[in-house]
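To start, the structure itself, in C-alpha cells.
Just so it is clear, none of the values below were taken in a lab; they were calculated from the coordinates. Source: prediction; values computed, not measured. Quick reminder, even Gly has a Cβ in these numbers, built from the backbone with ideal geometry, and neighbours come from all protein chains shown.
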Amino acid sequence: MSKPYRGPLRVLIALAMAAGTVGAVAPGAAAADCAGVRTVTSSAWNVRVCGMPDIDQLRPGLVQGGQNYCGPTTVANALYYLDLRGHPFMLPGVVDPMKNDPGNYAKVTNQIKRISNEIDHDPEEGIGVQGITKGLNRMIRDTGHLGMTARYESLVLHPFAGHRVASLLARPKAQSHVMIGAVLRMKAGKVLGRHAVTIVGAQGTLGGTSRITLNDPYTLGFVGTGKQSPEMSLSYDLGQFVVNRGTLIKGYDGYNKEQIYLQGVVVID
C-alpha cells in the first residue's frame, strides 16, 4: 500500500533534495493539559508555549489536498498566535483556527491559500526555509509591525539543539515564543525530503535526556474529512547529533522507519 507524501520543507543547507514517501508520524507523548512554563539555566531547561494553533495542512480546497503545504500552515500557526497576543492585523478577519464549524474551516483554508501566495510558496513543490523566512518578513512589514523580524537559525553545527531551542522559546516577548522547525527526512542514508513543524516546547538537563515538543501539520487521520483535528502536541527525545545533518528526533519516524533530524528553526525577534 502506498504511503501518503509529507509536504517537504526544502531546506537547502548541506544535502541534496530527493523525492520520497512517508506515512503518518508514529505517536509520541501527547500533552494532556498545557501548562506554560519558561525556565532555562545552563544545566536544566523546561519551556512550554501554550495557545499555539495546530492547523492541519491536509484539507480539501488546497492543491493536491495540501500535501506540500507544511510551510504555509506553520506560518498560519505563527500569525494566528501573534494576532491574539498584542500584534493585531497579522491576518484579516475574525476566525478560530481550531474550530470545526464548516464556515470557519473554510476561512482557515482561505488564509492558508493567501499565505501560500504571500510567501511565494509552490503548491506542488513546497518552499525552502529561506522562502518561509523572506515571506514572513514581507507579511510582517506589510502589516506595519516594523519592529519584528523573522530569521533562520541553523542547528546543523549545534550539538546542544535542545538547550538552544529552549533558550529561544523562553525569551520574554510574545513573538519569541513562535518557532517553525525545519526537519530533514532520511532513510538508509538517502535524503527523502524536508518538513516544517511548529515547535512549542523543550525540556532537558545537561548530561541527561533532552526532548522537544512539536505540533505537526501533517495529520493523517483527518484527511478529506473537512474537519480540523484536535490540538496534539507531541514530545520526542533528541538523539545523536551529526555535523551538517542536525540532531536526531527519536521516535519521530513515521511508518517508513525514517531518521528525522532537526536542522534549524525560524524565529521572530
Problem - Relative contact order of region 38-115, pairs being alpha-carbon contacts under 8 Å that are 6 or more residues apart, as % - result: 26
Completion exercise
Footprinting proxy, 96, 83: sorted fewest to most Cβ within 10 Å, the residues are 96, 83
Completion exercise
For region 77-181 the chymotrypsin sites (Phe, Trp or Tyr not before Pro) that pass both the DSSP coil test and the at-most-15 other-Cβ-within-10 Å test are 89
Fill in the blank from the handout: Diffing region 184-197: the Karplus 3J(HN,Hα) column from phi (6.51, -1.76, 1.60, θ = phi - 60°), in whole Hz with x for Gly and Pro, holds 9, 10, 9, 8, 6, x, 10, 7, 9, x, 10, 8, 10, 10
Fill in the blank from the handout: Karplus ³J(HN,Hα) for region 67-84 (6.51 cos²θ - 1.76 cosθ + 1.60, θ = phi - 60°; Hz, whole; x = Gly/Pro) runs 4, 10, 9, 4, x, x, 6, 5, 5, 4, 3, 4, 6, 4, 4, 5, 4, 8
Problem - From phi via Karplus (6.51, -1.76, 1.60), per-residue ³J(HN,Hα) for region 134-146 in Hz, x at Gly/Pro - result: 5, x, 4, 5, 5, 5, 4, 5, 5, 8, x, 8, 6
Exercise for the section: For the pairs 113/134; 107/134; 99/250; 134/173; 190/250, note any where the Cα-Cα span goes beyond 28 Å. Expected result: 99/250
Completion exercise
Rounded to whole Å, √(5λ) for the Cα gyration tensor eigenvalues of region 29-268, largest first, gives 26, 21, 17
Exercise for the section: Express the relative contact order of the chain as a whole percentage, based on alpha carbon pairs under 8 Å and six or more residues apart in sequence. Expected result: 29
Fill in the blank from the handout: Under the helix-only model (-39500 (n - 2.57) for each DSSP H run of 4 or more, divided by the residues of the chain), the mean residue ellipticity at 222 nm, to 500 deg cm²/dmol, is -6500 deg cm²/dmol
